[in-house]
Amino acid sequence: MKAVSTLQIKTPETEHDVHSLIAKRWSPRSFSEQAIAPDQLNALFEAARWSASANNEQPWEYAYAHKGTPGFDQLWDCLMPGNQPWTQKAAVLVVTIQRNTFAKTSKTNPWATHDLGMANAQLMLQAAHLDIYGHMMAGFDSNKTKEVLNLSDDQRPVCMIALGYLGEAEALEEPYLSRELSARNRLSINQFTREL
Ligand SMILES: Cc1cc2nc3c(=O)[nH]c(=O)nc-3n(C[C@H](O)[C@H](O)[C@H](O)COP(=O)(O)O)c2cc1C
């Protein structure tokens, strides 16, 4: 029941109607004990798979580990201290990786980060559809992650994602509890758009 009240706090007051999945997604820090089944996780990667990308390069790669595995501990060790307490209960940790260059030409792909972000956005919305929530994190040690995953110079870990089903906010300690219970806010549309 407490998770329901968190959902109420986090549901945005939009200026215009949007798809319910867009309104539903937010970044929690409290996760339940429930594991994510492999086919559910693959549904998230399927959503990422069908994202658009420049030249259909699909410059995204995902490395992941389920809670309770050595891989999970290895990825968790790469997180910055501020992200470690609340991610302990995540069901899955994902590293989202861009390939820096086009496969055919080996030239730099200037849109690689953009396209990874597109794929990640689709992944997150598919997650919301399945009542799975994701929390993206730039707070991780990039060099350590490269070592753990044995990445080449062509691969850049851009962000990590903690995935899981919603837990109760009250399971968190400060400062995470207050963040879990605060409303989401955004700039107004007229602050980031202009018509010519
Ligand atoms: C690329 C990226 C990096 C982020 N890094 C962190 C992080 O290291 N730690 C954290 O707690 N939240 C992180 N966040 C979550 C943002 O703070 C969060 O998305 C933002 O406050 C908006 O909240 P909402 O996702 O609930 O709408 C990150 C989000 C993105 C997209």
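The values are calculated or read from the model by the stated rules, or taken from the named source; none is laboratory data. The model shown is predicted, which means the values in this text are computed figures rather than measured ones. All Cβ positions, glycine included, derive from the backbone under ideal geometry; neighbour counts span all protein chains shown. Protein only, heavy atoms only, side chains kept; ligands, DNA and RNA dropped before computing areas. Shrake-Rupley method; radii C 1.70, N 1.55, O 1.52, S 1.80 Å.
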(message) Along the charge dipole of the chain, pointing to its positive end and built from +1/-1 on Cβ of Lys, Arg, Asp and Glu, which listed residue (Ser5, Met137, Ser188) has its Cα farthest out?
(response) Ser188
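What do you get for trypsin sites (Lys or Arg not before Pro) in segment 65-128 restricted to DSSP loop and a cutoff of at most 11 other Cβ within 10 Å of the site's Cβ? Working shown, then result.
Values: sites: Lys67, Lys89, Arg99, Lys104, Lys107; in loops: Lys67, Lys89, Lys104, Lys107.
Here the trypsin sites (Lys or Arg not before Pro) that fit, given the DSSP loop and packing criteria, are Lys104, Lys107.
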(request) For every other residue with a beta carbon closer than 11 angstrom to the beta carbon of Tyr165, add +1 if it is Lys or Arg and -1 if Asp or Glu, then tell me the sum. (result) -1
(request) Take the Cα coordinates of segment 6-71, assign each an equal point scatterer, and use the Debye formula without solvent to give log10 I(q)/I(0) at q = 0.11, 0.23 Å⁻¹. (result) -0.45, -1.14
(request) Could you tell me the number of lysine pairs in the chain with C-alpha atoms less than 17 Å from each other, where the two lysines are 8 or more residues apart or belong to different chains? (result) 4
(request) Place +1 on the Cβ of every Lys and Arg and -1 on the Cβ of every Asp and Glu in the chain, take the dipole about the Cα centre, and give the residue among Ala23, Thr113, Met80 whose Cα lies farthest towards its positive end. (result) Thr113
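Where the eigenvalues come from the Cα gyration tensor of the chain, what are the semi-axes √(5λ) of the equivalent ellipsoid, largest first, in whole Å? Let's see the in-between values first.
Numbers: eigenvalues 149, 108, 47 Å².
For the chain, the semi-axes come out at 27, 23, 15 Å.
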(message) Just to verify a number: what accessible area does Arg25 come out at with the full protein assembly present, 1.4 Å probe, Å² rounded to tens?
(response) 60
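Leu149: net charge of surrounding residues, Cβ under 15 Å, Lys/Arg +1, Asp/Glu -1, itself excluded? Could the numbers behind the result be given before it?
Values: positive: Arg99, Lys144, Lys146, Arg156; negative: Glu61, Asp73, Asp77, Asp141, Glu147, Asp153, Asp154.
Counting the neighbours of Leu149, the net charge comes to -3.
Quote the relative contact order of the chain in percent (integer), defining contacts as alpha-carbon pairs under 8 Å separated by 6+ residues. Don't skip to the end; give the middle numbers.
Values: 321 pairs, mean separation 65.5, N = 196.
Computed value for the chain: 33 percent relative contact order.
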